[in-house]
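First the structure, then my questions, so here it is.
The values are calculated or read from the model by the stated rules, or taken from the named source; none is laboratory data. Because the structure is predicted, anything quoted here is derived from the model rather than measured. Cβ sites come from the backbone with ideal geometry, for glycine too, and all protein chains shown count toward neighbours. Protein only, heavy atoms only, side chains kept; ligands, DNA and RNA dropped before computing areas. Shrake-Rupley method; radii C 1.70, N 1.55, O 1.52, S 1.80 Å.
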Amino acid sequence: MRILALNSRLKPTAAILLSVGIVIGCSAPQKEAVETDPLEVLQPPIGANSSLPFLTKAKDRLYLSWVEKSGDSTMLKYAFLEKDKWSEAKKIASGTDWFVNWADYPMISVTDSGMMAHFLAKSSEGAYSYDVNLTQSENGDAWSEPFVVHDDGTETEHGFVTMLPFEGKILTTWLDGRNTGDGGHGDVEMEHRGAMTVRSAIVDLSGNLEMESQLDDRVCDCCQTGGAVTATGPVIVYRDRSEEEIRDMSIVRLVNGSWTAPQPVFQDNWKIAGCPVNGPRAAAIENSLAVAWFSAAEGNAEVKLIFSKDGGETFGPSFKIDGGKPAGRVDVAMVDENNALVSWVETTENGAEVRVSKISSDGNILSTKTIGEIDPSRKSGFPQLEIIGEGIYVAWTDLIGKEQPEVRIVKV
């Protein structure tokens, strides 16, 4: 991937439960000072040298997946939190040929009838040639033999996956490098490379694929994709890429069984000749949709949020919500149809912090809290945010004062 070090991300590994106070927030429409709450350390069933957490929810359960490394082997595991109690940790898959990256992490998705997970495995000796492997399970104990979701067979990049439960199946999207012809980032002359694309498929729990589609034929090479399921249907958000190297947010929507043409979420007009490795996130309740992203147009770094009331067909104004020195790495969750939470990494004089703000759909920042310190390097990855019940959970990799990355859970 053609990566510019505009911001550094760490491997996410500390999960944090905040009090209901930040969910409820304040009714007054003014911006509050950043608050820091004391933390109560909890203990998820996670082993040593762990990183790359991912959070999702299903019914009353919060699911956490993560990666553990031992020698040359990499293992993907998960556990769930229900009624303040953690299940045992369970292995999903492992291998010695995985592509493990600070920005492109494995994840799980849960439906009423089972679970699905993905990881990246090398397809050749090229530095950036790897495939998206899927595995599924009906009970979360026994997992199927992994299979590659794309059928192009090229030794190129495939990654930055979004997985959304949809009608009992999993809508899976990914960045697809089959047209780039560059598995090693250098073995094809720049002028002869094609563009990265966004592709998708709907996958059932038997591994059958439906609606294999190309969603956009030219996108940013290595920014995460995001998505949500609205009352109208699923939406996918991503960093687009014009011929003039404008790399702003775009959206496609699955409406009445067909994907719409790409449309801008918001036009920052950020012109940049390389990938900032800083993708968008989306969340929805009914047709209320929130999209968060990072931009640095004209050198002004910003974390931004925008709302839609019609499932992403149109958007209102965008709102800047950072503290003035953001590194990005955003996530977003809907509190209700009129309020959202956004997490991001904010640079400070002494390093960096994970912060969470509650924002109303009219742009009022109702509360902002510092969740904790985070190593400002890429090794700390992308913090994850989720709401379930009256709890707010944030996950990231804790590196500060540690010889190895370590997953932690903290309650505010």
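From a point 7 Å beyond the Cα of ALA142 in the direction of its Cβ, which residues of segment 64-107 have a backbone N at a distance under 17 Å?
Those under the cut-off are 91-93.
Modelling each spin label as a point 7 Å along the Cα-to-Cβ direction, I'd like the ALA195/GLU337 distance in nm, to one decimal.
3.7 nm
Holding the Cα-Cα limit at 32 Å, pick out from LYS271/LYS379; LYS59/LYS309; LYS77/LYS325 the pairs that are longer than that. Can you show the working numbers first?
Numbers: LYS271/LYS379 26 Å; LYS59/LYS309 24 Å; LYS77/LYS325 34 Å.
The pairs that break the limit, which is 32 Å between Cα atoms, are LYS77/LYS325.
Lys/Arg Cβ at +1, Asp/Glu Cβ at -1, dipole of segment 264-334 taken about the Cα centre: which of LEU289, ILE272, GLY311 is farthest positive-ward?
Checked the options; the winner is ILE272.
Might you tell me the accessible area per residue for the chain, computed with a 1.4 Å probe and given in Å²? Let's see the in-between values first.
Values: 16170 Å² over 412 residues.
So the chain comes to 39 Å² accessible per residue, rounded to a whole number.
Residue by residue, what Karplus-based ³J(HN,Hα) values in Hz, rounded to whole numbers, does segment 214-222 have, using 6.51, -1.76 and 1.60 with θ = phi - 60° and x for Gly and Pro?
3J(HN,Hα) across segment 214-222, in whole Hz: 9, 8, 7, 9, 7, 9, 4, 5, 8.
Further question on the same structure: Sorting GLU125, GLU138 by accessible area (1.4 Å probe), largest first, what list results? Numbers along the way, then the final one.
Values: GLU125 180, GLU138 155 Å².
The most accessible residue leads, giving GLU125, GLU138.
With a 1.4 Å probe and all protein chains left in place, how much of the accessible area of the chain comes from carbon and sulfur atoms, in whole percent?
Roughly 45 percent of what the probe reaches on the chain is carbon or sulfur.
Also: Report the gain in length on full extension from ALA261 to LEU209: 0.36 nm times residue separation, minus Cα-Cα distance, nm rounded to one decimal.
Computed gain between ALA261 and LEU209 is 16.6 nm.
Let me understand the chain better: what is its radius of gyration from the alpha carbons, and its Dmax, in angstrom?
Cα-based Rg and Dmax for the chain come out at 19.6, 57 Å.
Now for a separate question. Treating only the Cβ atoms of Lys and Arg (+1) and Asp and Glu (-1) as charged, compute the dipole magnitude of the chain about its Cα centre; round to the nearest 20 debye.
Details: 38 positive and 60 negative charges, 174 e Å.
Using Cβ point charges on Lys, Arg, Asp and Glu, the chain gives about 840 debye.
How much length would be gained if the chain were fully extended between ALA127 and GLU403, taking 0.36 nm per residue of separation minus their Cα-Cα distance, in nm to one decimal?
Numbers: separation 276, 0.36 × 276 = 99.36 nm, distance 2.65 nm.
Using 0.36 nm per residue and subtracting the Cα-Cα distance, I get 96.7 nm.
Which residues' amide hydrogens lie under 5 Å from the amide hydrogen of ASN287, considering only partners 5 or more residues apart or on another chain, with H built in the peptide plane?
Residues meeting the amide H criterion: ALA231.
Just how large is the dipole of segment 246-371 about the Cα centre, in debye to the nearest 20, putting +1 at every Lys and Arg Cβ and -1 at every Asp and Glu Cβ?
Values: 12 positive and 15 negative charges, 46 e Å.
The dipole magnitude comes to about 220 debye.
I've got another one for you. How charged is the neighbourhood of LEU62? Take every other residue with its Cβ under 9 Å from the Cβ of LEU62, and add Lys/Arg as +1 and Asp/Glu as -1.
Working: positive: LYS57, ARG61; negative: ASP60, GLU82, GLU386.
Neighbourhood net charge equals -1.
Still on this structure: Determine the distance separating the Cα centre of segment 104-136 from the Cα centre of segment 226-249; give it in Å without decimals.
Value for the Cα centre distance between the two parts: 21 Å.
Now for a different question. With a cut-off of at most 13 other beta carbons within 10 Å, and DSSP calling the residue loop, which trypsin sites (Lys or Arg not before Pro) in segment 46-147 qualify? Please list them.
On the way: sites: LYS57, LYS59, ARG61, LYS69, LYS77, LYS83, LYS85, LYS90, LYS91, LYS122; in loops: LYS59, LYS83.
Answer in residue order: LYS59, LYS83.
Here's a follow-up. With a cut-off of 8 Å between alpha carbons and a minimum separation of six or more residues, what is the relative contact order of the chain in percent?
Numbers: 1216 pairs, mean separation 91.4, N = 412.
Reported as a whole number, the value is 22 percent.
Now for a different question. Each residue of segment 118-134 in order: what ³J(HN,Hα) in whole Hz does its phi give by Karplus 6.51 cos²θ - 1.76 cosθ + 1.60, θ = phi - 60°, with x for Gly and Pro?
In residue order, the calculated couplings are 9, 8, 9, 10, 5, 10, 6, 7, x, 4, 10, 10, 7, 10, 8, 9, 10 Hz.
OK, next. Going through segment 338-368, which GluC sites (Glu not before Pro) have at most 11 other Cβ atoms within 10 Å and a DSSP loop state?
Working: sites: GLU346, GLU349, GLU353; in loops: GLU349.
Passing sites in segment 338-368 are GLU349.
Right, next: Give the residue list of GluC sites (Glu not before Pro) in segment 360-412 that are DSSP loop and have at most 15 other beta-carbon atoms within 10 angstrom.
Working: sites: GLU373, GLU386, GLU390, GLU403, GLU406; in loops: GLU390, GLU403.
Hits after loop and neighbour filter: GLU390, GLU403.
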